[in-house]
Amino acid sequence: CLADDMGLGKTVQSIASLLERAILGPALIVAPVSVGDNWQNEIIKFAPTLTPHLFRNLKTKENDFADWCQPFHIIICSFGLMQQKKESLCEIPFSPIIIDEAQAIKNFNTKRFEAAIKLKGDFKILTTGTPIENHLMELWSLFFFINPGLLGTKNQFMDKFFTPIHKNKDANAQKYLKQIIQPFVLRRLKKNVLTELPEKIEINRYVEMSEEEVTFYESIRQLGIEKIETATENGGHQALQVLAEITKLRRACCH
């Protein structure tokens, strides 16, 4: 479980693992749609001997998966496609399987989690800057994927760790859990490696809006002013309404 803070190189570390195990067979990367292209570009940049494929672009029939699932080939798949094509993907022995933004499988009651644990891989990697977002059961879900059995069954984990730590603040149980998972978690925080990081470079780019964009933006702004005035007249919370309208303007600019 690569759990470094954002920006400390989880992707590059993962690519190093892909290179190390490339001769053993095809690899699978499951990641959000928004970062699929970035994975492909980074692999081409740092590991040109590997051949990345975006699963959504493959035209091969499902019964011909084996043709492009060869050593040195990397399949980059979204979480949605992993669920849709789980039967076909589960037939292929991958080496390794990488799940990026792994908090996406933190809930063991979801179909996404069920699809993920059915994948066959002799080595599994999770990358997430937030291995625990809400509660300890998320940690059990992640470890059931990379190392099933290490933390016991759901009920065993509930009795031994979740209840004592979450409800009773048991320091001994917390310490014991940390000892168990520590060999399988690589986590660096930015504050720990600040001296190793290059200087931050900020580049400001000013973009003029087109006439059509100015008109669109102004219409949202005028409507926002009307809503704020209405909220004030009706005794509503003006500050909250202002914040909501500013957010809409920001979203319009980003779009």
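The values are calculated or read from the model by the stated rules, or taken from the named source; none is laboratory data. Quick caveat: nothing in here was measured; it's all calculated off a predicted structure. Here the Cβ positions follow ideal geometry from the backbone for every residue, glycine too, while neighbour counts run over all protein chains shown. The area values use the complete protein model at the heavy-atom level, side chains included, leaving out ligands, DNA and RNA. Shrake-Rupley method; radii C 1.70, N 1.55, O 1.52, S 1.80 Å.
Worth a mention:
- Cross-link reach is defined here as a Cα-Cα straight distance under 18 Å, omitting same-chain residues fewer than 8 places apart; for LYS248 the aspartates and glutamates meeting it are GLU212, GLU213, GLU218, GLU226, GLU229.
- You can think of it this way: the chain between ALA239 and LYS169 has 21.4 nm of extra reach, that is 0.36 nm per residue less the Cα-Cα gap.
- Candidate lysines for bridging to LYS118, where Cα separation is under 22 Å - those fewer than 8 sequence places away on the same chain excluded: LYS61, LYS85, LYS86, LYS106, LYS154
- Overall form of segment 181-254 per C-alpha gyration tensor (a/c, 1.5; a/b vs b/c): oblate
- Inter-site label distance for LEU150 and ARG221 at 7 Å from Cα along Cβ, in nm: 5.4
- Here the contact order of the chain, divided by its residue count and restricted to Cα pairs under 8 Å and six or more residues apart, works out to 19 percent.
- Contour excess over end-to-end distance, with Cα ends at VAL207 and VAL35 and 0.36 nm allotted per residue: 59.5 nm
- Taking amide hydrogens as placed 1.01 Å from N in the peptide plane, the amide H of VAL30 sits under 5 Å from those of CYS77, ILE98, ILE99, ASP100, each at least 5 positions away in sequence or on another chain.
- At R0 = 22 Å, FRET efficiency that the Cβ-Cβ distance of GLU91 and LEU24 yields, to 0.05: 0.80
- Reach of LYS167 by Cα under 20 Å, taken over aspartates and glutamates that are not fewer than 8 positions away in the same chain: GLU133, GLU138, ASP159
- Note on the chain: with neighbouring protein chains present and a 1.4 Å probe, carbon and sulfur make up 53 percent of its accessible heavy-atom surface.
- Amide N of segment 113-148 lying under 20 Å from the label point, which is placed 7 angstrom from the Cα of GLU196 along Cα→Cβ: 126-131
- Spin-label pair HIS255/VAL185, simplified geometry with 7 Å Cα→Cβ offset, distance in nm: 4.0
- In Hz, Karplus ³J(HN,Hα) per residue of segment 6-18 (6.51, -1.76, 1.60; θ = phi - 60°; x = Gly, Pro): 4, x, 9, x, 4, 5, 5, 4, 5, 5, 4, 5, 4
- Given +1 at the Cβ of Lys and Arg, -1 at the Cβ of Asp and Glu and no other charges, the dipole of the chain around its Cα centre is 1140 debye to the nearest 20.
- When the charge dipole of segment 1-61 is built from unit charges on Cβ atoms (+1 for Lys and Arg, -1 for Asp and Glu) and taken about the Cα centre, the candidate among CYS1, ILE44, LEU54 whose Cα reaches farthest toward its positive end is LEU54.
- 0 to 90° range, to nearest 10: angle between helix 211-233 axis and the chain longest Cα axis: 70
- Calculated [222 nm] ellipticity per residue, helices only, for the chain: -13000 deg cm²/dmol; basis is -39500 (n - 2.57) per DSSP H run with n ≥ 4, divided by all residues, nearest 500.
- Surface per residue (accessible, 1.4 Å probe) for the chain, Å²: 63
- Compared with the dominant principal axis of the Cα atoms in the chain, helix 171-181 is inclined by about 60°.
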